[in-house]
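A short write-up of the structure that comes next.
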Amino acid sequence: MKWTSLGNGALLKQAAAEFDVLLTADQNIEFEQNLTTLPVAVVVLVAESNRLESLEPLVPAVLQALDVLSAKTLVRAGV
């Protein structure tokens, strides 16, 4: 998507315009942004690292969260 240069606020706005859910490993996003103003749900991936082998075990929890998430909601998946 070439969004690597976007800050969190701009990233959330862009994601909200195109997607229902944003997956992120940024564990501070809920404290840095007002998520209740965006029509997007956020899933924070909580793992030892951002490496695939650390994130892959979170897939079942993410899939479960996707079944019940609604806009303006933040869920943590993982440890």
Looking only at the range 26-74, filter to residues that are modelled with pLDDT of 90 or more, open to solvent by less than 40 Å² (accessible area, probe 1.4 Å) and in contact with a helix residue (DSSP H, G or I) (Cβ under 7 Å, 6 or more places away or on another chain); which one of those is farthest from Leu11 (Cα to Cα)?
Ala47
Output the residues belonging to the range 43-62 that are among the aliphatic types (A, V, I, L, M) and assigned to a loop (DSSP other than H, G, I, E, B).
Ala47
Residue list for the range 1-33, restricted to those being among the basic types (Lys, Arg) and touching a residue at least 12 places away in the same chain (Cβ under 8 Å):
Lys13
So Leu66 fits all but one of (1) under 13 Å from the mean Cα position of the chain (by Cα); (2) part of a loop (DSSP other than H, G, I, E, B); what number is the exception?
(2)
Considering only residues that are of a type in the set (D, E, K, R) and part of a loop (DSSP other than H, G, I, E, B), look in the range 1-42 and name the one that is nearest to Ser54 (Cα to Cα).
Asp26
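The values are calculated or read from the model by the stated rules, or taken from the named source; none is laboratory data. If you're wondering where the values come from, they're calculated on a predicted model, not measured in any experiment. Every residue, glycine as well, gets a Cβ built from its backbone with ideal geometry; the counts of neighbours run over all protein chains shown. Keep in mind that these areas ignore ligands, DNA and RNA; they rest on the heavy atoms of the full protein, side chains included. Shrake-Rupley method; radii C 1.70, N 1.55, O 1.52, S 1.80 Å.
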